[in-house]
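**Q** Right, I'll just put the structure down here and ask away after.
The values are calculated or read from the model by the stated rules, or taken from the named source; none is laboratory data. Note that the structure is predicted; figures quoted are calculated from it, not measured. Note that we place each Cβ from the backbone using ideal geometry, even for glycine, and neighbour counts take in every protein chain shown.
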Amino acid sequence: MTDRIRVLVVDDSAFVRKVVAQMLSRSPRIEVVGVARDGEEALELVERHRPDVITLDLVMPRMNGVEFLRRQNLRHRVPVVICSIAHQSGEMALDAFEAGAVEFVQKPTALATDRVFEIVDELVAKVEAAARVTDERLSRDLPVPLSPVVFSPNGTRTDVVVLGISTGGPQALRHLIPRLPAAFPVPIAMVLHMPVGYTEMYAQRLNAISALEVTEVHDGDLLRPGLVWLAPAGRHLTFNRGTDGAVRAHLDLHPTDTQHRPAVDVLFHSAAEVFGSRTLGVVMTGMGSDGLLGAAHIKAQGGRVATEAESSCVVYGMPRVVVEASLSDRSATLQEMAGAIAEML
């Protein structure tokens, strides 16, 4: 990669192509080397310009974004940041993640200039993060999920597993969760940074390939073993223990001062408050530092924290800050993570 990040912008709207290029050009670290109106033109321009990152719309004529990704992958892989509208691209976005897209920026539904420019900081940050994804990690297909891990029948010292993940998360969870058996002894609650409109569909896809029941959690749902909760995009997930001892989900817009909603920090903090030392936190691939404060609170309450190893992370950001703060009890690659969780239980 050159000193500047070379970006190809792909969108069927001439207006969006122009505005996205303008937004990216605001960063002195980014150079827009070309724009394409659909997947067919994008395939040609990738060969001509050899970009470091592609921003990709999904709903386009002639060749849509998913088909472009699949064809481009047969040549060589380039980090792709999806830039699309949720209600238009739904299932296609999940197909794009499965095809290797590394990040997602949600375009405003109202494409007035002032609304589009609201996403400039997010777009620049995610393009810069995508540019740091090495060729080795991008080209390496995820291993075929292995057989489910085996758990000791001697009981656990854990009542809940809470997991935070971001960039590269959709692909990583499709490897991790199917490795956990139907008899997994404790519930799991997860925060995956994803735009509004996708978490329910993603949970359904993950449920279809998993022995555990994976669901987008609803307010008031009862926590029990055998469940994997995915926090809905746009609302924080916390736990509430009733007078009967049962623990239920609570969803809320507050706190409003977090960078993400849902936030890993909010989930981890609540788990530590409700479950104390019997909390196991897991921080996996992702940009930024969400999860650091929550991991610190889990540790302060006597719980434990596992982190994904740098070698298997798409972006070693969230786990790195936990490790550098000396809060990680164990580091494991994606391939090792299910076994590490089993042992730490």
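**Q** Quick check on my filter: what residues within segment 98-119 are out of contact with any Lys or Arg (no Cβ under 9 Å at 6 or more places or on another chain) and at pLDDT 85 or above?
**A** Once the filter is applied, which keeps residues that are out of contact with any Lys or Arg (no Cβ under 9 Å at 6 or more places or on another chain) and at pLDDT 85 or above, segment 98-119 yields 101, 106.
To keep it simple, each residue is scored yes or no on (1) free of Cβ contacts under 8 Å to residues at least 24 places away in the same chain; (2) buried (at least 22 other Cβ atoms within 10 Å of the Cβ); (3) of a type in the set (Ser, Thr, Tyr).
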{"position": "290", "(1), (2), (3)": "no, yes, no"}
{"position": "298", "(1), (2), (3)": "no, yes, no"}
{"position": "314", "(1), (2), (3)": "no, yes, no"}
{"position": "326", "(1), (2), (3)": "yes, no, yes"}
{"position": "331", "(1), (2), (3)": "no, no, yes"}
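**Q** Give the residues of segment 34-59 that are among the aliphatic types (A, V, I, L, M) and more than 19 Å from residue 105 (Cβ to Cβ), sorted by residue number.
**A** So the first thing to find is which residues in segment 34-59 are among the aliphatic types (A, V, I, L, M), and the list is 35-36, 42-43, 45-46, 53-54, 56, 58-59.
Matches in segment 34-59: 43, 45, 46.
**Q** Considering only residues that are crowded, with 22+ Cβ neighbours inside 10 Å and under 23 Å from residue 206 (Cβ atoms), which ones fall in segment 57-78?
**A** Those that are crowded, with 22+ Cβ neighbours inside 10 Å and under 23 Å from residue 206 (Cβ atoms): 58, 65, 66, 69.
**Q** Determine which member of the set 52, 95 is in contact with a Lys or Arg (Cβ under 8 Å, 6 or more places away or on another chain), surrounded by 17 or more Cβ atoms within 10 Å (Cβ to Cβ) and either of a type in the set (Gly, Ala, Ser) or under 24 Å from residue 193 (Cβ atoms) (or both). Write out each step before concluding.
**A** On the way: 95 fails: in contact with a Lys or Arg (Cβ under 8 Å, 6 or more places away or on another chain).
Only one candidate passes the filter, namely 52.
**Q** Moving on to the next point. Scan 169, 164, 155 and give me the residue that is loosely packed, with under 12 Cβ neighbours inside 10 Å and modelled with pLDDT of 70 or more.
**A** On the way: 169 fails: loosely packed, with under 12 Cβ neighbours inside 10 Å; 164 fails: loosely packed, with under 12 Cβ neighbours inside 10 Å.
Only one candidate qualifies: 155.
**Q** May I pose another question? Considering only residues that are farther than 11 Å from residue 7 by Cα and either among the acidic types (Asp, Glu) or in contact with a strand residue (DSSP E or B) (Cβ under 6 Å, 6 or more places away or on another chain) (or both), which ones fall in segment 46-65? Before the answer, list the steps.
**A** Going residue by residue through segment 46-65, those that are farther than 11 Å from residue 7 by Cα are 47-48, 57-65.
Correct list: 47, 57, 58, 65.
**Q** List the pairs whose first member sits in segment 183-205 and is outside the structural domain of residue 272 (by TED's automatic domain parsing), whose second member is assigned to a helix (DSSP H, G or I) and modelled with pLDDT of 95 or more, and whose Cβ atoms are under 8 Å apart, counting only residues at least 6 apart or on separate chains?
**A** none
**Q** Going by the structure shown, is residue 279 surrounded by fewer than 18 Cβ atoms within 10 Å (Cβ to Cβ) and among the β-branched types (Val, Ile, Thr)? Explain how you work it out, then say what you get.
**A** Details: surrounded by fewer than 18 Cβ atoms within 10 Å (Cβ to Cβ): no; among the β-branched types (Val, Ile, Thr): yes.
Taking the combined requirement at face value, the residue does not satisfy it.
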